[in-house]
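Reading through the structure tokens given below for one structure.
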Amino acid sequence: SMYVDRGQRLYKLALDRNFVFGRRQTHVVATCLYTVCREEKTPWLLIDFTDAIQVSVFKLGKCFLQFTRLLNLQVPLIDPALFIHRFVSKLD
């Protein structure tokens, strides 16, 4: 899929910039995929990724912030409207 391809490109950039050294591979992969999801404005939260890989939201959040700063990425803010349908469906 498009998201996986973009995530792989970001991971390659992380490798080129030595970002992966000293970090768990799953954290870096999740960071790359979360970055793509934020850029594409998909309804996935950081906590969804932390649940999937069983890591603290603070650890992955720190990794995400370091990654975006290293690559000087301007990641858009999350639009809460993306999550209305998701959370309303859980009310039923």
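Selection of segment 50-79 for residues being modelled with pLDDT of 95 or more, open to solvent by 60 Å² or more (accessible area, probe 1.4 Å) and hydrophobic (A, V, I, L, M, F, W, C) yields Ala52, Phe58, Leu65, Leu70. So, of the residues in segment 1-20 that are assigned to a helix (DSSP H, G or I) and charged (D, E, K, R), which turns out to be surrounded by the most Cβ atoms within 10 Å (Cβ to Cβ)? Once the filter is applied, the top-ranked residue is Arg6. Can you tell me which residue in segment 26-44 is farthest from Asp5 (Cα to Cα), limited to those that are in a helix (DSSP H, G or I) and open to solvent by 50 Å² or more (accessible area, probe 1.4 Å)? By that ranking, first place goes to Thr26. Scanning segment 45-71 for residues that are charged (D, E, K, R) and over 16 Å from Val29 (Cβ atoms) yields a count of 1. Scoring Ile47 on the criteria (1) open to solvent by 60 Å² or more (accessible area, probe 1.4 Å); (2) in contact with a Ser or Thr (Cβ under 8 Å, 6 or more places away or on another chain) leaves a single failure, condition (2).
The values are calculated or read from the model by the stated rules, or taken from the named source; none is laboratory data. These numbers were taken from a predicted model, which means no experiment stands behind them. Positions of Cβ are backbone-derived with ideal geometry, glycine not excepted, and every protein chain shown enters the neighbour counts. Protein only, heavy atoms only, side chains kept; ligands, DNA and RNA dropped before computing areas. Shrake-Rupley method; radii C 1.70, N 1.55, O 1.52, S 1.80 Å.
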